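All remarks here apply to the structure that follows.
FYI, it's all coordinate maths here, none of it is from the lab. Predicted model, so just to flag it, every value in this text is computed and none were measured. All Cβ positions, glycine included, derive from the backbone under ideal geometry; neighbour counts span all protein chains shown.
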């Protein structure tokens, strides 16, 4: 017989979501070195509340990355449903550089392999991300918008390079991203 699992109280769920949101914003703006006590203060909860949900800083980081990766992947699948297949890939890559990359230093560092390895932080996150990227790429290639000789590894490499440009020179990131995207386009 399975043990009774109590449902999560609404206030506990709200506190957890608030801590994740504040931790995400803090890590994105300031990197991964911000103490948990500071995250608790900014979230308006006690440190005990944070530690009850996330016993270590690494557990908090993993939860933040898992939450953001799920949202990112959901957003990408949403683009496949709402945009033209040939444009969904471009919209996704732009958002990864200009929205996620601009304000998400923590996630960008993790995706680039700096700091905590994303595979150890969130098992299957990389595989799920690459699967989404493959779906977007296949749809764009099938629509005739993207070159057939490009694969997922090359698209990810372009993405990481454009995200690095966002850190290096944010004023040029948009233009450089468009140049990279133009290089993906199928030529007549």
Rg(Cα)/(2.2 N^0.38 Å) for the stretch 9-55, N = residue count
1.05
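Mind ordering 147-157, 19-29 by average Cβ neighbours within 10 Å, highest first? Walk me through the numbers before you get to the answer.
Values: 147-157: 14.0, 19-29: 20.1.
Averaged packing, sorted descending, gives the order 19-29, 147-157.
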